[in-house]
2 protein chains.
Amino acid sequence: MDKKDLKLLEILQRDASVPLAQLAQEVNLSPTPCWRRIQKLQEAGVIARQVVLCDAGKLNVPLTVFVSIRTSQHNEAWTRRFVEAAAGIPEIVEIYRLNGEIDYLLKLAVPDIARYDAVYKRLIQSVELADVSSAFAMEVIKSSTVLPLDYALERRQGAA
Amino acid sequence: MDKKDLKLLEILQRDASVPLAQLAQEVNLSPTPCWRRIQKLQEAGVIARQVVLCDAGKLNVPLTVFVSIRTSQHNEAWTRRFVEAAAGIPEIVEIYRLNGEIDYLLKLAVPDIARYDAVYKRLIQSVELADVSSAFAMEVIKSSTVLPLDYALERRQGAA
DNA sequence: GATGAAAGCTTTTCCCC
DNA sequence: GGGGAAAAGCTTTCATC
């Protein structure tokens, strides 16, 4: 992985519909080696997938909700039930296990507060949760799938 | 927007590299009307962009950090400075203004805790923050850019 | 609106440097 | 590892129903 690869990733993370010929030009390469680089990035799993991003408002889910969950039950059976229940709910788009006060953080995409409450009820029906608190996004200031590339060239354990 | 459009979005949100011929088959359409539907979804902004998603680990930013920020200064000048400073830092991938206790929630992608601290210092140098607390993702259980489609067909204000 | 076929591009391969 | 040209494949348009 070198600077040209990073340049390609920088472009493709923002717009994957750029034609190969133009990509090649941007990195001062001809289409063939440029194509081979992208192919390698895919095979290596650096490029994980190619997707379309939809507009949440246009899909009638303009409200982003963050749900903080604390649990008293830290056993494996509970965890499995929780993960299965939560991961299967399409409104729950992200789930993280955190350190510190909060055990799990969930990010939801819903139409409104009433619909959030419906999802909330569905979730607490499936698993026992010690403490749940939610916060609503009043404003999305930045929302990006673009990862920083500044660290990718550093030597690290397990690097390709 | 009808069921066929939703089916297309469902597929494309997961994999935008599916050839048109296959997409058409999945929705029982021939390539041309299928293509026109996708075109319309793009023009309407339902499909906002097409991107590649990278593997955070392979880019040497395996650590996701959530930063909760409280501020005492709720004036416009402070907000502008904060937003400009935070949005310009590539490690900060998402920024939300929340209701309730926490004013802002940030999501970061960094190599390790030390690098998180460096970003943290950069941020507090730019703007005054009343209270900052961070939580590290020990485990990413679900991380998806797939929005729920179940509400898209409902009648709503401003719907296309 | 849907269809099938042609036209125009892009991607992918092949061979050479 | 990079380059040029041919081959294959896909997307986009067009004429027709």
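The values are calculated or read from the model by the stated rules, or taken from the named source; none is laboratory data. Given the structure is predicted, the values throughout are model-derived calculations rather than measurements. Virtual Cβ from ideal backbone geometry, glycine too; neighbours counted across all protein chains shown. Ligands, DNA and RNA are stripped out before the accessible areas are found, and what is left, the full protein with its side chains, is counted by its heavy atoms. Shrake-Rupley method; radii C 1.70, N 1.55, O 1.52, S 1.80 Å.
Listing for the model above:
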{"quantity": "Protection proxy ranking, peptides A:15-21, A:84-90, average beta carbon neighbours within 10 Å, highest first", "calculated": "A:84-90, A:15-21"}
{"quantity": "Backbone HN-Hα couplings from phi across the stretch A:71-83 [Karplus 6.51/-1.76/1.60, Hz, Gly and Pro as x]", "calculated": "10, 9, 8, 9, 7, 5, 5, 4, 4, 5, 4, 4, 4"}
{"quantity": "Heavy-atom accessible surface of chain A: percent carbon and sulfur, 1.4 Å", "calculated": "48 percent"}
{"quantity": "Nearest 10 degrees, 0 to 90: helix B:113-126 Cα axis against chain B principal axis", "calculated": "80 degrees"}
{"quantity": "Cα pair count fraction exceeding 34 Å, expressed as % - the protein assembly as shown", "calculated": "28 percent"}
{"quantity": "Karplus-derived 3J(HN,Hα), 6.51/-1.76/1.60, for each residue of the stretch B:33-43, Hz, glycine and proline x", "calculated": "x, 4, 4, 4, 4, 5, 4, 5, 5, 6, 4"}
{"quantity": "Spatially proximal lysines relative to B:Lys40 (Cα-Cα < 22 Å; intrachain offsets below 8 disregarded)", "calculated": "A:Lys58, B:Lys3, B:Lys4, B:Lys7"}
{"quantity": "Interface A:B - total buried accessible surface [probe 1.4 Å, Å², rounded to 100]", "calculated": "6600 Å²"}
{"quantity": "Gap separating the Cα centres of the stretch A:130-151 and the stretch A:47-97, nearest whole Å", "calculated": "13 Å"}
{"quantity": "Per-residue SASA entry for A:Thr32, accessible area with 1.4 Å probe, Å² rounded to 10", "calculated": "80 Å²"}
{"quantity": "Inverse mean reciprocal Cα-Cα distance (Kirkwood Rh) of the stretch A:57-136, Å", "calculated": "12.8 Å"}
{"quantity": "For A:Ile89, residues with placed amide H under 5 Å, excluding near neighbours", "calculated": "none"}
{"quantity": "Å² per residue, accessible surface of chain A at 1.4 Å", "calculated": "52 Å²"}
{"quantity": "Rule-of-thumb Rg ratio for the stretch A:3-52 [Cα; 2.2 N^0.38 Å; N residues]", "calculated": "1.02"}
{"quantity": "Additional length obtainable on full extension of the chain from A:Ser133 to A:Asp15, 0.36 nm per residue less Cα span", "calculated": "38.9 nm"}
{"quantity": "Cut-off under 5 Å, modelled amide H: who pairs with B:Val146 long-range", "calculated": "none"}
{"quantity": "Distance between modelled label sites at B:Glu154 and B:Gln42, nm, 7 Å Cα→Cβ extension", "calculated": "3.0 nm"}
{"quantity": "Förster radius 45 Å - calculated FRET efficiency between B:Leu6 and A:Arg81, Cβ distance, rounded to 0.05", "calculated": "0.90"}
{"quantity": "Degrees separating the helix B:3-14 axis from the principal Cα axis of chain B, which is the longest one", "calculated": "50 degrees"}
{"quantity": "Karplus (6.51, -1.76, 1.60) ³J(HN,Hα), θ = phi - 60°, over the stretch A:15-32, in Hz, Gly and Pro reported as x", "calculated": "7, 8, 9, 5, x, 3, 4, 6, 4, 4, 4, 4, 9, 6, 9, 8, x, 4"}
{"quantity": "Heavy-atom accessible area order for B:Arg14, A:Arg37, A:Arg122, largest first, 1.4 Å probe", "calculated": "B:Arg14, A:Arg122, A:Arg37"}
{"quantity": "Pairwise Cα inverse-distance average, inverted: Kirkwood Rh of chain B (Å)", "calculated": "18.9 Å"}
{"quantity": "Amide H within-cut-off set for B:Leu98, under 5 Å, with H built and near neighbours excluded", "calculated": "A:Met138, B:Tyr104, B:Leu105"}
